[in-house]
Amino acid sequence: MNLKSVIITFLFFISLIAFSQKATIDESIYHKNFDNIIDNDYVKTLFKKSTLNTDSILKRVPPNKPFQHENGVESLKSIEKTVPLNYHPEVLSFITIYSKGVNVHFLNYMINYYQPKIIDELKKQQLPEELSFLPAILSDFNPHSVNTIGAEGYWHLYYPQAVKYGLKINEYIDERRDFDKSTKAAISYLKLLHNEYQDWELTLAAYVCGTTTINNIMLRKKVSNYWEIYPFLNPKIRDVVPALTALIYSYSRNSSNQIKINPQIEADSFYVESKLTYQAIFDVIDLNKKEVQFLNPTIINEVFPKNYLAVLPKNSCSKMNQFCDSIYFYQDSVLFKPVVTEEDSAIVATGQEEIIHKVKSGDVLGKIAEKYGVKISQLQEWNNLKGTNINIGQNLVVYKKTKTKVLPLAPSEGGETPFPLGRAGDGNYIYYTVKEGDNLWDISLNYDDVTPDDIMELNNIDANLKIGQVLKIKKK
């Protein structure tokens, strides 16, 4: 083979390696997460709360020293402790990623902030400190991070493992987003996996890809180590080992590895007795929505479950205590009010009257709107209100429609309709049969000068109703 052929072959080989590395980079979730590290709201808020002047620091931080790939093996072995740092083309790809741009500095600031707690837990479990870098490549310390196959939170735990190690996951809460709890669960799981494989690279692969996947590949392909099973793993998550190796190396060479964010997080706790939506809170009192979301990363769908200790912005709990009843009233009577269809009833408007409502203590627009059967937006329009804030003693104009609610007739067994559904009685009382979707507030609206408390006292009941239950209502 002549020199020209050798050169062409060599260049082809180099280009092939470069292509394979690029494919790994493009598909890997660890690369995509790193590129978007400061684009999510949680991390943005974390940095905003920090006293660290990142702009000023970044101007003075020199770039990383270039990686000498010809000495790759020696460079990695020089910093290796317990977890093996093996040199492969994929490792070089991630070292390149972690060695340029400002994102690696932002990641280092967060590593320095979170790492001490992780190392403390690793020491308790007698595991190597190098594993403290794992959430940095998995989620970039974003509690809302999700991989492509269902792992979530700081440590990208899957549901079965999270529940096995005591994390609560339901329609309201996902504790994989709780840093302290997920750290303990993840480290316990890593210890279990290492006891099974006795190999840190296989342990990491099993952590992200699952033990069933790893064991099946090893059995079918007759292979026994991570780099042999690597080609058969999911391209989007398989690079956990080269990414971790590269970040450990990059961090050891980075001039910002002693700087950390120092967020000042001031908050109060509020005990939520019954299910409470964010919307009900924000509609009644003025709280910063993004701040509440930041302080409660474990909450799903913006609903606090019952018996939950919510975290709220500093000095907001007094306002919550003051308006708690109004918030729940607004939630139950406005946000959760059952929809009445045309089949349920028909409303015939007979006129309109102007009412002046004087705001008293505890009043909110939702409560006033419900009292007069109007919309909050109408109250705002009639009184030139830009928001929902009103003052005690303020006079509000309300245009209330005088209306008659005609309920459909309930068929008897023979198909006849002897009396309107829910309405029957004698000279002193009316009897109402509870139907699906009813609550005491809606029922009381059908009768003049009757309150939910009147109905409960007369029938010796609480607010819980059952379909088919007959209520006695006194005529007034």
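The numbers here are math on the coordinates, done by the rules we state, and not lab data. Keep in mind the model is a prediction, meaning the values are calculated, not measured. Note that we place each Cβ from the backbone using ideal geometry, even for glycine, and neighbour counts take in every protein chain shown.
Once amide H atoms are built 1.01 Å from N in the peptide plane, which residues 5 or more positions from Ile430, or in another chain, come under 5 Å H to H?
Ile473, Lys474, Lys475
Using only alpha-carbon positions, what ratio does the radius of gyration of region 267-335 give when scaled by 2.2 N^0.38 Å?
Working: Rg = 10.8 Å, N = 69, 2.2 N^0.38 = 11.0 Å.
Relative to the rule-of-thumb radius for its length, region 267-335 sits at 0.98.
For region 225-230, take each phi angle, set θ = phi - 60°, evaluate the Karplus expression 6.51 cos²θ - 1.76 cosθ + 1.60, and give the result in whole Hz per residue in order, putting x for glycine and proline.
Rounded to whole hertz, the list is 9, 4, 5, 7, 8, 3.
Report the relative contact order of region 3-253, percent, no decimals, based on alpha-carbon pairs under 8 angstrom and at least 6 residues apart.
Values: 275 pairs, mean separation 59.2, N = 251.
Averaging sequence separation for qualifying contacts and normalising by length gives 24 percent for region 3-253.
Amide H to amide H, which residues 5 or more places from Lys435 or on other chains are under 5 Å from it, using H placed in the peptide plane?
For Lys435, whose amide H was placed from the backbone, the distant partners under 5 Å are Gly468.
Quote the FRET efficiency, to the nearest 0.05, computed for Lys358 versus Asn288 with a Förster distance R0 of 30 Å and r equal to the Cβ-Cβ distance. Kindly include the intermediate steps, with their values, before the conclusion.
Details: r = 31 Å, r/R0 = 1.02.
So, using R0 = 30 Å, E works out to roughly 0.45.
Beyond a 20 Å Cα-Cα separation, which of these cross-linked pairs lie in this structure: Lys117/Lys191; Lys123/Lys181; Lys275/Lys360; Lys400/Lys435? Intermediate results must be reported in sequence, preceding the final value.
Values: Lys117/Lys191 17 Å; Lys123/Lys181 16 Å; Lys275/Lys360 27 Å; Lys400/Lys435 27 Å.
Too far apart for the 20 Å limit: Lys275/Lys360; Lys400/Lys435.
Here is the link list: Lys371/Lys474; Lys184/Lys289; Lys314/Lys371. Which ones come out longer than 23 Å on Cα distance?
Details: Lys371/Lys474 21 Å; Lys184/Lys289 29 Å; Lys314/Lys371 33 Å.
Listed pairs above 23 Å: Lys184/Lys289; Lys314/Lys371.
Assuming 1.567 mPa s and 4 °C, estimate D for region 3-253 with Stokes-Einstein, Rh taken as the Kirkwood radius over Cα pairs, in µm²/s. Spell out each step's value before the answer.
Details: Rh = 19.2 Å.
Answer, rounded: 68 µm²/s.
Name the residues whose placed amide hydrogens come within less than 5 Å of the amide hydrogen of Ile173, ignoring near sequence neighbours (fewer than 5 apart) on the same chain.
The list, which skips near neighbours in sequence, is Ile300.
Treating each Cα of region 134-217 as an identical point scatterer and ignoring solvent, apply the Debye formula and state log10 I(q)/I(0) at q = 0.19, 0.20, 0.23 Å⁻¹.
-0.79, -0.87, -1.13
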